[in-house]
Amino acid sequence: MNPASDAKPLKGLFIRTYGCQMNVYDSERIRDVLKPLGYAPVESPEAADLVVVNTCHIREKATEKVYSELGQLKLMKQASGGRMTIAVAGCVAQAEGAEIIRRQPAVDLVLGPQAYHKLPEMIARASRAVGDRLETEFDTVEKFDALPKTRDPDGPTAFVSVQEGCDKFCTFCVVPYTRGAEMSRSVDDIVAEVRDLASKGVREVTLLGQNVNAFHGAAPRLEGGNDWALGQLVRHIAKVGGIERIRYTTSHPRDMDDDLIAAHGDTPAMMPFLHLPVQSGSDRILKSMNRGHTADHYRDIIARVRKARPDIALATDFIVGFPGESDADFEATMQLARDVGYAIAYSFKYSSRPGTPAAEMHGHVSEAVKDERLQALQALLREQQTGFNAQQIGKTLPVLVTGKGRNPGQLHGRSPYLQAVHFEGPDALIGSLVDVCVTGASLNSLTAELVRAREPAQ
Ligand code: 5AD
Ligand code: SF4
């Protein structure tokens, strides 16, 4: 701990994160922004001076969870004699703004995803009870420039935001409204962040963006020229000393260009995992979703990616029960899942979001039919996931050791295919790459035996 922060009384910070990896990253950056003010993480909201609820607006259920959590926080705030400050961040904050304070007056601050760097100033204003409690401007450039340049990684893996926002306007989705237009960071900024992380023991970076493969960041100053696409960025990051693994999420089929596909085959640091949401296997529904691709276009991309990297693990997102989805449309989704064969997939019932075009469409599907379809699809996906995991039994895989496992003497890590792996080994291996031999597989993880350390542990 640095001596400067010893001088100030520490204030407790509790951040609750809902939703996607972008929010996980944003929560880390909120922690970084607040550190110089003397805020340090605590284990429970009761112990906190400041509670930040980082919210997700993508489905109705996620939004309602936020209000029920705020109700509980209000009681804790009363019990603390009003000492606790409650801030609501993220996409619900962006979408609902002042409505949040109206529905839950115990909330002190509301800030959208582009306003985290303004949090210290907002807290100061709130403590003096002057000025605005609401900050929901869209200024992604300013946010990236204003966030602290160095980070405190939690272990050998880290997220790095390279792109934000979405211009795709899928008709079911709130993201283009809550996260704003597509914007990319410059390659120099990203590489500086990756170097800093690598110097602190990070071996694996996951490049993040709502449409990460739409990345078009300014090329490095020395190289000049046009913006770089994601494939070029990945190859460049692969040269940073200490970085052994690169992943990226989440992608759009329309932005899956040849160079990025080639990088899956020719860049050893590029991990064999691709999350490429398809949403539906029916061309009629894909069109109504405004996805800009057909089911066969998607199959073709998958075939090209598999050609570049035959062992790649494929992941996707599906929505069932989109307005107008017939039994035949749903069967086309099942068929696409059978054709591709996923290592892991996320599937959701369509949730109508006010303000999106799909909410106004005819032919909304009943909850009962949505439930039935979701169950059928998830049964198939579970079978595929279990089968994919079982294929690894008997293989020797490189695993990045991320921490201690549940039982004493056990370690936890990630395979190249992003599977959780549990095995016995000494704590000194945490943070390094090891080879393990896979001995067992279940739906959600692999068990393995340590074969050898690949390098001296750090
Ligand atoms: N209803 C259900 N699922 C949705 N998603 C996005 N919007 C909705 C919605 N209105 C899903 C998509 C997306 C994932 C992050 O969430 O599958 O890829
Ligand atoms: Fe939403 Fe579609 Fe953009 Fe993904 S691509 S964030 S689903 S609008």
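Just a few scattered comments:
- Here each label is just a point 7 Å from Cα along the line to Cβ, and for K35 and A359 those points are 3.9 nm apart.
- Counting only cysteine Cβ atoms and a cutoff under 4.7 Å, the chain contains unmatched residues C20, C56, C91, C166, C437.
- Counting every C-alpha pair in the chain, the share spaced more than 42 angstrom apart comes to 17%.
- Placing unit charges on the Cβ atoms of the charged side chains and taking the dipole of the chain about its Cα centre, the candidate lying farthest along the positive direction among G180, Q104, T316 is Q104.
- Label-point gap, in nm, between L443 and T267 - each point 7 angstrom along Cα→Cβ: 3.4 nm
- Stokes-Einstein diffusion coefficient of segment 386-426, Kirkwood radius over Cα pairs, 37 °C, 0.692 mPa s, in µm²/s: 306 µm²/s
- Phi-derived couplings, Karplus 6.51 cos²θ - 1.76 cosθ + 1.60 at θ = phi - 60°, listed residue by residue for segment 227-236: 4, 9, 8, 5, x, 5, 4, 4, 4, 5 Hz, with x used for Gly and Pro.
- Near V278, the amide H atoms lying under 5 Å from its own belong to D317; only residues 5 or more places off or on other chains count, and H is placed 1.01 Å from N.
- Sum of -39500 (n - 2.57) over DSSP H runs of 4+, divided by residues of the chain (222 nm, nearest 500): -10500 deg cm²/dmol
- Segment 66-76 - phi-based ³J(HN,Hα) in whole Hz, Karplus 6.51/-1.76/1.60, Gly and Pro as x: 4, 5, 6, 5, 5, x, 5, 5, 4, 5, 5
- For segment 235-307, the Stokes-Einstein estimate of translational diffusion at 25 °C and a viscosity of 0.890 mPa s comes to 182 µm²/s, using the Kirkwood hydrodynamic radius over alpha-carbon pairs.
- Candidate cross-link partners of K149 among the lysines, defined by an alpha-carbon separation under 28 Å and a same-chain spacing of 8 or more, comprise K8, K11, K35, K118, K200, K239.
- Taking Cα centre as origin and charging only the Cβ of basic (Lys, Arg, +1) and acidic (Asp, Glu, -1) residues, the dipole magnitude of the chain rounds to 720 debye.
Rule-based calculations on the coordinates, nothing more; no lab input. Here the structure is a predicted model, which means the values were calculated and not measured. Note: ideal-geometry Cβ built from the backbone for every residue, glycine included; neighbour counts use all protein chains shown.
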